[in-house]
Amino acid sequence: MATSRIARTDLESTVPDPSSPPAHPELRRVTANGIEINVAVAGNGPAVLLLHGFPHTWRLWTHVMDGLSDRFRVIAPDLRGFGASTRAAGGYDAGTLATDAEALLHALGESSAAVVGIDAGAPPAFLLAMRRPGLVRQLVVMESLLGTLPGAEELLAQGPPWWFGFHNEPGLAESVLSGNEDRYIDWFLDEGTLGQGVEPSLRAAFLDAFSGSEALRCAFSYYRALPSSAGQILDATRGGRLTVPTMAIGARPVGRVLEQQLRPVTDHLVGRLVEDCGHIIPLHRPDELLRLLEPFLAQAGAPAGAPGDTTGR
């Protein structure tokens, strides 16, 4: 990584006493891979990088950060184009997003990290672990698909979810949804929590992050880059295997499909299911998620389990 692409780190709040984790995350703006990344940082210890999906920001991880920051340095960025990060013209493929994540870790002085990704954050987390196994200590991916890797045939038997096509057509979804973002984002938040919805402060933050045609363009650019991302994933698996300890976590609707995609290409994989849980695991069932993450992350450097381990909850 060229050092010129990692220019500076600006603190938006006072640096906390290193002897104790901060009560609230501190927000920073970091220049990495040619963009400005808004990132929340909390706690001290081995680094854990959290990559959100759609339609979320770093705030998706609010409860997870609270649970992990007493033992780890938890790093939760707004992904490229999301939240307060740069609304870039391009670079929404998984490979570029993986480079964003790598540059962010280097800018924050981290030489290794456990990487956790959900939804749109899972493919870049996977590619980062494939490309930089010396950087990624452990990998956790949840509620996502890895391109066209085998294993998702049953889930996709009737085709991909309807919004994939809607988001894919350049300019269409932005023009239709501008001025109606709240109803649209609410649908995903409700569906992803099995009707429970999310707390008002988080809902307000997500609605604000995805209001306006430019914010929507960036969000939908992830879907428009899916063919490129799928090709990058295939190339990575043709050239090697995933060697870092990995955990795949499923809920509704993905279930064990991500685990099935990973099984043939991963050396140390453990699969878990969160019962009675919607797609947005960190908000719908944060306590159950922490019960899975904490012992796995505590194994830093140890294999996650035998290649055939598919134990669930």
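The values are calculated or read from the model by the stated rules, or taken from the named source; none is laboratory data. Every value quoted in this text rests on a predicted model; they were computed, and no experiment measured them. Note: ideal-geometry Cβ built from the backbone for every residue, glycine included; neighbour counts use all protein chains shown. Just the protein is used for accessible areas: all its heavy atoms, side chains included, with ligands, DNA and RNA removed. Shrake-Rupley method; radii C 1.70, N 1.55, O 1.52, S 1.80 Å.
Structure summary
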{"quantity": "Any hit, the range 109-117, residues being touching a Lys or Arg at 6+ places or on another chain (Cβ under 9 Å) and of a type in the set (Asp, Glu)", "calculated": "yes"}
{"quantity": "Residue satisfying all of: in the range 278-313; among the charged types (D, E, K, R) and at pLDDT 50 or above; surrounded by the most Cβ atoms within 10 Å (Cβ to Cβ) among these", "calculated": "Arg285"}
{"quantity": "Residue within the range 95-113 that is part of a loop (DSSP other than H, G, I, E, B), under 15 Å from Val48 (Cα atoms), of a type outside the set (Lys, Arg) and without any contact (Cβ under 8 Å) to a residue 24 or more places away in the chain present", "calculated": "yes"}
{"quantity": "Options Gly83, Gly91, Gly34, Gly53; residue that is over 23 Å from Ala300 (Cβ atoms) and open to solvent by less than 10 Å² (accessible area, probe 1.4 Å)", "calculated": "Gly53"}
{"quantity": "Enumerated helices (runs of 4 or more DSSP H) restricted to the range 144-221, each holding at least 3 residues that are modelled with pLDDT of 95 or more and among the small types (Gly, Ala, Ser)", "calculated": "200-209"}
{"quantity": "Residue match in the range 62-72 (condition: open to solvent by less than 10 Å² (accessible area, probe 1.4 Å) and either part of a strand (DSSP E or B) or under 27 Å from Glu214 (Cβ atoms) (or both))", "calculated": "no"}
{"quantity": "Filter result for Ser211 (within 20 Å of Ala89 (Cβ to Cβ), without any contact (Cβ under 8 Å) to a residue 40 or more places away in the chain and polar (S, T, N, Q))", "calculated": "yes"}
{"quantity": "Failed condition for Gly134, given (1) within 28 Å of Arg285 (Cα to Cα); (2) open to solvent by 10 Å² or more (accessible area, probe 1.4 Å)", "calculated": "(1)"}
{"quantity": "Residue in the range 228-238 that is over 21 Å from Trp58 (Cα atoms), out of contact with any Pro (no Cβ under 7 Å at 6 or more places or on another chain), touching a residue at least 40 places away in the same chain (Cβ under 8 Å) and not in a helix (DSSP H, G or I) present", "calculated": "no"}
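One line per residue, one yes/no per condition, for (1) open to solvent by 20 Å² or more (accessible area, probe 1.4 Å); (2) of a type in the set (A, V, I, L, M, F, W, C):
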site: Gln196; (1), (2): yes, no
site: Gly212; (1), (2): yes, no
site: Ala215; (1), (2): no, yes
site: Leu226; (1), (2): yes, yes
site: Ser229; (1), (2): no, no
site: Gly240; (1), (2): yes, no
site: Arg263; (1), (2): yes, no
site: Asp276; (1), (2): yes, no
